[in-house]
Amino acid sequence: MQSLLKDKILLNKYMLAYLRQAILNVYDVQLAEKQAQIALQIQEKARLKKPYELKTIFCRRCKNFSPPTIYSTIRLSKGRLIITCQRCGSRYRLPYKK
Ligand SMILES: [Zn+2]
């Protein structure tokens, strides 16, 4: 039981590290996509809590990598982010991060 918890904590650290690299990597979009995919795979396999940043960089409808300013646009309205995916054209809302 103790080792399972340690594994989850470690996987959470790895997932956040990959996610941070994907967000900071603005010059190489393909590498950023790969890093974000790895972060998503770790999150799904280990059943970790989905970070807010991971929700904003993957489209909710087409599940593609769509980081803001490259493949999606973000507007602010009524306490929510309205994210428009440029690949499939769908819009979805997220509350501001507190
Ligand atoms: Zn989409």
Read through the list (1) surrounded by 18 or more Cβ atoms within 10 Å (Cβ to Cβ); (2) of a type in the set (A, V, I, L, M, F, W, C); (3) within 16 Å of the ligand (Cβ to nearest atom), then give the number of the only condition that residue 70 fails. (1)
Across segment 18-33, which residue is modelled with the highest pLDDT among those that are more than 12 Å from the chain's Cα centre (by Cα) and surrounded by 10 or more Cβ atoms within 10 Å (Cβ to Cβ)? 31
Report whether or not residue 37 is surrounded by 12 or more Cβ atoms within 10 Å (Cβ to Cβ), within 17 Å of residue 63 (Cβ to Cβ) and either in contact (Cβ under 8 Å) with a residue 24 or more places away in the chain or of a type in the set (Asp, Glu) (or both). yes
Does any residue in segment 45-61 that is over 15 Å from residue 14 (Cα atoms) come within less than 7 Å, Cβ to Cβ, of a residue that is within 16 Å of the ligand (Cβ to nearest atom) and charged (D, E, K, R) six or more places away or on a different chain, and which pairs are these? 59/87
So, in segment 73-85, exactly how many residues are out of contact with any Cys (no Cβ under 7 Å at 6 or more places or on another chain) and surrounded by 13 or more Cβ atoms within 10 Å (Cβ to Cβ)? 6
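The values are calculated or read from the model by the stated rules, or taken from the named source; none is laboratory data. Just so we're clear, the structure is a prediction, and the values are computed from it rather than from any experiment. Backbone-built Cβ (ideal geometry, glycine too); neighbour counts: all protein chains shown.
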